[in-house]
Structure formats: C-alpha cells, structure tokens
Amino acid sequence: MELRQLRYFVRIVELGSISRAALDLELQQSALSQQVGRLEGELATRLLQRSSKGVTPTEAGLAFFREAQLVLRHADQAARAAREARLTGSVTVGLAPTTASVLAVPLMHAMRKRHPDVRLHMVESLSGHLSQMLNARQLDLAVLFDTDPARRWSVTPLLAEKLFLIRSRQGLKADAPARVRVKDLQREPLILPTGPHGLRSTVDAAFARAKVRPPIAAEIDSLAMLMDAVDQGFGGTVQPWAAIGRFPDALQRFHLAEITDAGVRRLNSLCSLSDDELSPAALAARVVLAGCARDLVQAGRWQGARLSHHER
C-alpha cells in the first residue's frame, strides 16, 4: 500500500466520482480505476460502490476513508517538519581544477538553495593531492579520476569525459583536423601534468596502447599555468573540454581536436569517506553534487561528458 493510493482514494470519495478525481489528479481514468482495484484487492474488500451517478464509499470504504485522511495528515506533517528542520554543519569538497571550472559555482548555488545553513568549504587541487587529502580525512568528498579499490572510500561512478588535443590557434593551419588519433600526436610537443595525477596516467596508458611515446615539451602541475603555456604556443596538451571552461573566449583562443581512440577518456568518480563516517551535511552535499553533475551534462553545459549509468 502506497501513500499515493491513499491520496487517490481520498480524492475520489471527496469528489464522488472517479472521472472527476482523474481530472483533478491529472491522471487517466483507467489508471486511477486500476489503482483503486489494486487497493481493494490488497484489502480483500470492496471500498467503493459504483453507479451511473458516480461512486459512494461502502461501509468498509468509509472506515478506510477516515483512517486514510489521518495517515495523509500525519505524512504531510512529517514532510513539513523535515523541511523546517534545516540541516546545519560543514562539509569539505575537493575538486580538480578542470572539474572546478565547470562544477564549483553550480554546486555552491545548489547548496545555498537546498541547504543554506550548511557551510561549504571548497578545495581546488590536482587529483593526486585530493586523493591524499581524502585519505588523511581532510576532505569529506572529492571528484577523483584514479580510485584505488583497496581504500576505504565510498566510490560512485559519475561521468566519463572525452579527451582532446588542445592547441593555441596562433599559427595553426585553418584546416586543422577536428579529430585525431593518439598515434598522430607523436610529433606534437605536449605540456602535461606529472605522473601522480589521474589525467597523466590516462594519457600515458593511451600512448602505451598506441605503442608510441608521448613527446613531452614540459610538465606543469597547475592548470592555469599549463593553459597559459598552451595559449602562448609553447605546445599542445591533452585535456577534457573542462580545461578551457574558465576562458570566456576559449573558442577564439584554442583549437580542440577530439582524440578518437577507443577507451581514451577520463573517468570521474564521486569519492567520499565511508557512509558511517560522513555527517548528515556531507551526505546531503554528496547527493547535491551528483545532481549538479547530472544536470550540467543533461543541459549540455559540460561538453564532452557522458553520465555513467549509475547517474542517468
């Protein structure tokens, strides 16, 4: 028995008609009749007496109607109490620079709207550092790219991002291809983060599968500095679309070529301390963060990203 069935039954009795109740509830009349039939079947008794003029409750139906009204009032009071008992506390969230460029501000807006009394502490750092902070319990949750199953984390697949060869448009040929393969990059000077960070591991693995060496021009563990170097023509980089998220004129500055090799993508996972270690505020923030990511992808505001099946 579900609360919605009680609501349907109460409205039918109040209006004296299944057809009028269906209009009021914005349901198909057949669907509403089916719900009443299931309710009567579950209770093994007739609740409504049908006639050409409408419906009236049987004796059993009238008794059920009074109790259903009471249950619905209690349910409404419980929901109202939950809404009014505003969540408090603090939560620390870690995001890599690329992820922060897309997700940070929407997350702050959503938390302010849904949980205004929760203090949000945002940390932006490379994923390797965030992983260490989560292990040290300096973070409650983080979006990470390299998850070690041996760690005592709660891990939920969030989304997968396509990777692109990103280059400055300065001096680039007008007919530069929009799609490339990893083997096409073996003579392209690349600027990448160093080994301990999730993206570099993904890039190195892609080059290993293609049996070519990545031509490293420089290693920079700062997204802002790395993208400035790319912008000035020191080399290209392999990054998700989110790497250009903080450039309002990104399409005028940079050329993006999608890397088409199978499996060349960055997996994003929502990682947190185990559920029994998280505060109610942190548990709520985890739900809000996952919802924000889902909304951004579905609205086309996180380009090159596809939701994992857990978040669809």
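The values are calculated or read from the model by the stated rules, or taken from the named source; none is laboratory data. Keep in mind it's a predicted model, so treat the numbers as computed, not measured. Neighbour counts run over all protein chains shown; Cβ positions are idealised from the backbone, glycine included.
General observations
- Yes/no for residue 230 being closer than 19 Å to residue 258 by Cβ and touching a strand residue (DSSP E or B) at 6+ places or on another chain (Cβ under 6 Å): yes
- Residue 168 assigned by TED's automatic domain parsing to the domain that holds residue 303, over 16 Å from residue 99 (Cβ atoms) and surrounded by 14 or more Cβ atoms within 10 Å (Cβ to Cβ): no
- Here region 131-148 is the region considered, the condition is being touching a helix residue (DSSP H, G or I) at 6+ places or on another chain (Cβ under 6 Å) and crowded, with 22+ Cβ neighbours inside 10 Å, and the residue that is nearest to residue 265 (Cα to Cα) is 145.
- Residues satisfying the stated conditions in region 97-111, i.e. touching a strand residue (DSSP E or B) at 6+ places or on another chain (Cβ under 8 Å) and either of a type in the set (A, V, I, L, M) or on the phi > 0 side of the Ramachandran plot (or both): 100, 103, 104, 107, 108, 111
- Matching residues, region 263-276, being touching a residue at least 12 places away in the same chain (Cβ under 8 Å) and on the phi < 0 side of the Ramachandran plot: 264, 265, 266, 267, 268, 269, 270, 271, 272, 273, 274, 275
- Yes/no for residue 36 being out of contact with any Cys (no Cβ under 7 Å at 6 or more places or on another chain), touching a residue at least 40 places away in the same chain (Cβ under 8 Å) and not hydroxyl-bearing (Ser, Thr, Tyr): no
- Within region 177-209, tally of residues that are under 20 Å from residue 223 (Cα atoms) and among the charged types (D, E, K, R): 3
- Looking only at residues of region 87-110 that are hydroxyl-bearing (Ser, Thr, Tyr) and crowded, with 24+ Cβ neighbours inside 10 Å, we find that the one that is nearest to residue 250 (Cα to Cα) is 98.
- Only one entry in 47, 32, 43 is in the same structural domain as residue 20 (by TED's automatic domain parsing), touching an Asp or Glu at 6+ places or on another chain (Cβ under 9 Å) and at pLDDT below 90, namely 47.
- Criterion violated by residue 203 - all others in (1) assigned to a helix (DSSP H, G or I); (2) modelled with pLDDT of 95 or more satisfied: (2)
- Residues located in region 278-306, provided they are surrounded by fewer than 17 Cβ atoms within 10 Å (Cβ to Cβ) and in contact (Cβ under 8 Å) with a residue 60 or more places away in the chain: 279, 280, 291, 295, 301, 306
- Leading residue by the ranking (surrounded by the most Cβ atoms within 10 Å (Cβ to Cβ)) among those in region 62-79 that are in contact with a Phe, Trp or Tyr (Cβ under 8 Å, 6 or more places away or on another chain) and closer than 20 Å to residue 20 by Cα: 68
- Within region 264-277, the set of residues being surrounded by fewer than 18 Cβ atoms within 10 Å (Cβ to Cβ) and either modelled with pLDDT of 90 or more or assigned to a loop (DSSP other than H, G, I, E, B) (or both) comprises 267, 274.
- Residue within region 118-130 that is among the polar types (S, T, N, Q), surrounded by 18 or more Cβ atoms within 10 Å (Cβ to Cβ) and free of Cβ contacts under 8 Å to residues at least 40 places away in the same chain present: yes
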